[in-house]
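J.: Provided herewith is a single structure, encoded as structure tokens, for subsequent inquiry.
The values are calculated or read from the model by the stated rules, or taken from the named source; none is laboratory data. Just so it is clear, the structure is predicted and the values come from calculations on it, not from any experiment. Cβ placement follows ideal geometry from the backbone for every residue including glycine, while neighbour counts extend to all protein chains displayed. Surface areas here come from the heavy atoms of the whole protein model, side chains and all, with no ligands, DNA or RNA. Shrake-Rupley method; radii C 1.70, N 1.55, O 1.52, S 1.80 Å.
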2 protein chains.
Amino acid sequence: MTTTAKTKKVIVYVRLKDGVLDPQGVTIQKALGQMGYPDFVSVRSGKFFELEIDAGASDIDRQINEVCSKLLANPVIERFSVEKI
Amino acid sequence: MTTTAKTKKVIVYVRLKDGVLDPQGVTIQKALGQMGYPDFVSVRSGKFFELEIDAGASDIDRQINEVCSKLLANPVIERFSVEKI
């Protein structure tokens, strides 16, 4: 989990595209209402992945984009964004 | 999903505490290796929630913290952070 000088760290955020139903978010929003928190009017859920990649790797940006499209996100219903840290 | 002037939007990030095993992350990291991406040396997974809360609600910060502890995160194994946007 510790980032050494020899790795680069990126965070990939994956969220459902606008318009795609989010049953988990809807369920949480309803649960909040029942728990006494009616002021939460909308909940959307998403996931993220903290990746550490060897700093000596070639074409890091391309690799990250491929990995997102192929494994981390489903491009049909999800979109992803990448944050380098 | 659209934020109107009458709601505030916050994002709650939930991740496993350091030292807690992340089977999903481990599985993804292994899969990446098998798919031809051996440079990804570590993967940790997490989730986030985009909340919209009525701007007129009282004690918004307290409500958000309560909601995180009670429903969105499991304080035994997870920690959360809140980003206001």
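J.: Does at least one position in the range B:35-45 carry a residue that is open to solvent by less than 70 Å² (accessible area, probe 1.4 Å) and more than 7 Å from chain A (Cβ to nearest Cβ)?
T.: Yes, there is a match, as at least one residue in the range B:35-45 is open to solvent by less than 70 Å² (accessible area, probe 1.4 Å) and more than 7 Å from chain A (Cβ to nearest Cβ).
J.: Of everything in the range A:4-34, what is under 16 Å from residue A:82 (Cβ atoms) and facing chain B (nearest Cβ under 9 Å)? Give them in sequence order.
T.: Once the filter is applied, which keeps residues that are under 16 Å from residue A:82 (Cβ atoms) and facing chain B (nearest Cβ under 9 Å), the range A:4-34 yields A:7, A:9, A:11, A:13, A:15.
Residue-by-condition table, conditions (1) under 19 Å from residue A:35 (Cα atoms); (2) in a strand (DSSP E or B); (3) aliphatic (A, V, I, L, M):
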{"residue": "B:18", "(1), (2), (3)": "no, no, no"}
{"residue": "B:21", "(1), (2), (3)": "no, no, yes"}
{"residue": "B:28", "(1), (2), (3)": "no, no, yes"}
{"residue": "B:46", "(1), (2), (3)": "no, yes, no"}
{"residue": "B:61", "(1), (2), (3)": "yes, no, no"}
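J.: May I ask you to verify whether residue A:76 is more than 8 Å from chain B (Cβ to nearest Cβ) and either in a loop (DSSP other than H, G, I, E, B) or of a type in the set (Ser, Thr, Tyr) (or both)?
T.: When the stated conditions are applied, residue A:76 passes them.
J.: Of these, B:66, B:83, which one is at pLDDT 95 or above, open to solvent by 60 Å² or more (accessible area, probe 1.4 Å), outside any loop (DSSP other than H, G, I, E, B) and more than 7 Å from every other protein chain (Cβ to nearest Cβ)?
T.: Being at pLDDT 95 or above, open to solvent by 60 Å² or more (accessible area, probe 1.4 Å), outside any loop (DSSP other than H, G, I, E, B) and more than 7 Å from every other protein chain (Cβ to nearest Cβ) holds for just one of B:66, B:83, which is B:83.
J.: What's the number of the condition residue B:54 fails, among (1) touching a Ser or Thr at 6+ places or on another chain (Cβ under 7 Å); (2) facing chain A (nearest Cβ under 7 Å); (3) closer than 18 Å to residue A:47 by Cα?
T.: (3)
J.: Would you be able to say whether some residue in the range A:14-29 is more than 25 Å from residue B:9 (Cβ to Cβ), among the hydrophobic types (A, V, I, L, M, F, W, C) and either surrounded by 15 or more Cβ atoms within 10 Å (Cβ to Cβ) or in contact (Cβ under 8 Å) with a residue 40 or more places away in the chain (or both)?
T.: no
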